[in-house]
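Undergrad: Have a look at the structure that comes next, please.
The values are calculated or read from the model by the stated rules, or taken from the named source; none is laboratory data. Fair warning: this is a prediction, and the values are worked out from it, not measured in the lab. With ideal geometry, Cβ positions are generated from the backbone for all residues, glycine too; neighbour counts draw on all protein chains shown.
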Amino acid sequence: MKFTVPRGTRDILYPEIVLWQQIEDRARRIFSVYNYREVRTPIFEETELFERSMGESSDVVQKQMLNLASQKVDVDGKPLLSGLSLRPEGTAAVVRSYIQNNLHKKERISKFFYIGPMFRGERPQKGRLRQFHQIGVEVIGANTASPYLDAEVIALSVELLKSFGLKRFKLKINTLGSSSDKDKFSGILRSLLEPKISLLCDDCQQRFDRNVFRVLDCKNKRCRDIVNSLDINYSYLSEESIQYYEQVKAILRDLGIEFEESMSLVRGLDYYTHIVFEIAFDSLGSQDALGAGGRYNNLVHELGGPQVDAVGFALGIERILLAGHYDENTISSHIDCFIISMESVGLRQAFILLNKLRSNGICCDLGYIGGSIKSQMRMANRAGARFVIIFGEEEIKNNEITVKDMNDGSQKRISLSNVLQYLKEKL
Ligand code: HAM
């Protein structure tokens, strides 16, 4: 029987894993500079949490939710896993946690970050997986709807991407306005699209009723042409919403952050109000969004929490890796020392030395499988060892070892009891 990873998922092995660790380390460093704290929520939650937050009509809820199913029953006789889904995104879970832990009573503003796997039952393709990974941020707190915070969050997303070595990405921003602005906008859009409804793609004909905004970012050529021909403007926005949007843009300009305004940027999830943004990387093809986010001032309340404001975003790690074209060949491993032993007697002493060195913080490994000096030297080279310690027949008799300096090839016999001191001085 042969097992393979489930479709749309992948193993992340060495050396690629080093790239992941570098990205995660850089992200963590920047989060601490920005004063964001990590939150870890379960990878599955009640299905209804996602339905209520992202919206019943969103593509994710309609088509991509991975629901858990099992015949097992709990001690109370209820099905163990019914009504649960793998998380398709992080925002809903962070909001659930914020409410459940009463954080609004404990801190004025909560600044979260998370790094972890998300799950969507999509048709896999380049940059689109069923298990993918996000680096995300959520800022939640009463009366925190400040254009400065929107700008902080956008600046943070840009800073993260730059720290991963990415340059040619494009930040697109838009505003959806308040909830009532959004209602007005959907009315206007419906009346503009109504005469052309039969020309829209099948998906968009359904979106017309369910979530008309999504017609604006449909990738279908004919729908795009129709959208481009519409006379869309910001007439539906209230004066406050316009002012808010203008302020965010002015602050971004102050920070020297380049952006493009895009009225067709509406985002696929229902919870957004006011600022929405997306960061695209052209050469990624149809899955070109490295990340996206926006403000969602009503979601916490809609999910049963207090009326507090919130803003956030998430970046997709797989797409960052695709965009970065990182060269795995430049990744090399290094250890301080590799121990080679030629005899079984030597192996025992070598193993004791290995553990002594390790407990003193020296990174080392041992050629457990034996073999010739040559083949063990090859292992040492592959491990990137700075020093090689050889337990040969002669050496063991005299309670000595040979240390080879891999930088200059020089060798030295030293007493076994002096090895630790010797390496400490050299490393
Ligand atoms: P999203 O636009 O659904 O937003 O996802 C954010 C990013 O996750 C995308 O731009 C993309 O890089 C990555 N992504 C999404 N789906 C996949 C997939 N199937 N395969 C690979 N990468 C994927 C959200 O998830 C919101 N929760 C963002 C947010 C946070 N808004 C406010 N706070």
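Undergrad: What do you reckon, is residue 327 more than 16 Å from the ligand (Cβ to nearest atom) and either touching a residue at least 60 places away in the same chain (Cβ under 8 Å) or aliphatic (A, V, I, L, M) (or both)?
TA: It is false that residue 327 is more than 16 Å from the ligand (Cβ to nearest atom) and either touching a residue at least 60 places away in the same chain (Cβ under 8 Å) or aliphatic (A, V, I, L, M) (or both).
Undergrad: Only residues that are surrounded by 14 or more Cβ atoms within 10 Å (Cβ to Cβ), free of Cβ contacts under 8 Å to residues at least 60 places away in the same chain and of a type in the set (Val, Ile, Thr): list them for segment 27-54, please.
TA: Result: 47, single match.
Undergrad: Here is a further query. Does residue 272 satisfy the condition of being over 15 Å from residue 156 (Cβ atoms), buried (at least 23 other Cβ atoms within 10 Å of the Cβ) and in contact with a Leu (Cβ under 6 Å, 6 or more places away or on another chain)?
TA: Spelling it out, residue 272 is indeed over 15 Å from residue 156 (Cβ atoms), buried (at least 23 other Cβ atoms within 10 Å of the Cβ) and in contact with a Leu (Cβ under 6 Å, 6 or more places away or on another chain).
Undergrad: Here's something else I'd like to know. If you check residue 24 against the conditions, is it of a type in the set (D, E, K, R), in contact (Cβ under 8 Å) with a residue 40 or more places away in the chain and under 20 Å from residue 112 (Cα atoms)?
TA: Yes: the conditions hold for residue 24.
Undergrad: I've got another one for you. For segment 1-56, which positions are assigned to a helix (DSSP H, G or I) and polar (S, T, N, Q)?
TA: 21, 22, 32, 47, 53
Undergrad: Now for a separate question. Of 322, 354, which residue is more than 30 Å from residue 104 (Cα to Cα), at pLDDT 95 or above, buried (at least 17 other Cβ atoms within 10 Å of the Cβ) and away from the ligand (no atom under 16 Å from the Cβ)?
TA: Testing whether each residue is more than 30 Å from residue 104 (Cα to Cα), at pLDDT 95 or above, buried (at least 17 other Cβ atoms within 10 Å of the Cβ) and away from the ligand (no atom under 16 Å from the Cβ) leaves just 354.
Undergrad: State which residue is surrounded by the fewest Cβ atoms within 10 Å (Cβ to Cβ) when the search covers only segment 157-175 and only residues that are out of contact with any strand residue (DSSP E or B) (no Cβ under 6 Å at 6 or more places or on another chain), touching a residue at least 40 places away in the same chain (Cβ under 8 Å) and more than 18 Å from residue 136 (Cβ to Cβ).
TA: Among those that are out of contact with any strand residue (DSSP E or B) (no Cβ under 6 Å at 6 or more places or on another chain), touching a residue at least 40 places away in the same chain (Cβ under 8 Å) and more than 18 Å from residue 136 (Cβ to Cβ), it is 168.
Undergrad: Continuing with the same structure: Name the residue that is surrounded by the fewest Cβ atoms within 10 Å (Cβ to Cβ), counting only residues in segment 357-376 that are modelled with pLDDT of 95 or more and hydrophobic (A, V, I, L, M, F, W, C).
TA: My answer is 363.
Undergrad: Can you pull out every residue in segment 168-203 that is within 25 Å of residue 147 (Cα to Cα) and part of a loop (DSSP other than H, G, I, E, B)?
TA: 169, 176, 177, 178
Undergrad: Kindly provide the set of residues from segment 1-39 that are in contact with a helix residue (DSSP H, G or I) (Cβ under 9 Å, 6 or more places away or on another chain), charged (D, E, K, R) and closer than 21 Å to residue 86 by Cα, ordered by number.
TA: 10, 38
Undergrad: A further question follows. Is there a residue being closer than 24 Å to residue 130 by Cβ and either surrounded by 21 or more Cβ atoms within 10 Å (Cβ to Cβ) or within 16 Å of the ligand (Cβ to nearest atom) (or both) anywhere in segment 223-244?
TA: Taking every residue of segment 223-244 in turn, none turns out to be closer than 24 Å to residue 130 by Cβ and either surrounded by 21 or more Cβ atoms within 10 Å (Cβ to Cβ) or within 16 Å of the ligand (Cβ to nearest atom) (or both).
Undergrad: Those residues that are among the basic types (Lys, Arg) and either in contact (Cβ under 8 Å) with a residue 24 or more places away in the chain or closer than 20 Å to residue 334 by Cβ (or both), I need them from segment 393-427; list them, please.
TA: Across segment 393-427, the qualifying residues are 404, 424, 426.
Undergrad: Kindly indicate whether residue 196 is closer than 15 Å to residue 292 by Cα, among the basic types (Lys, Arg) and more than 12 Å from the ligand (Cβ to nearest atom).
TA: In short, no.
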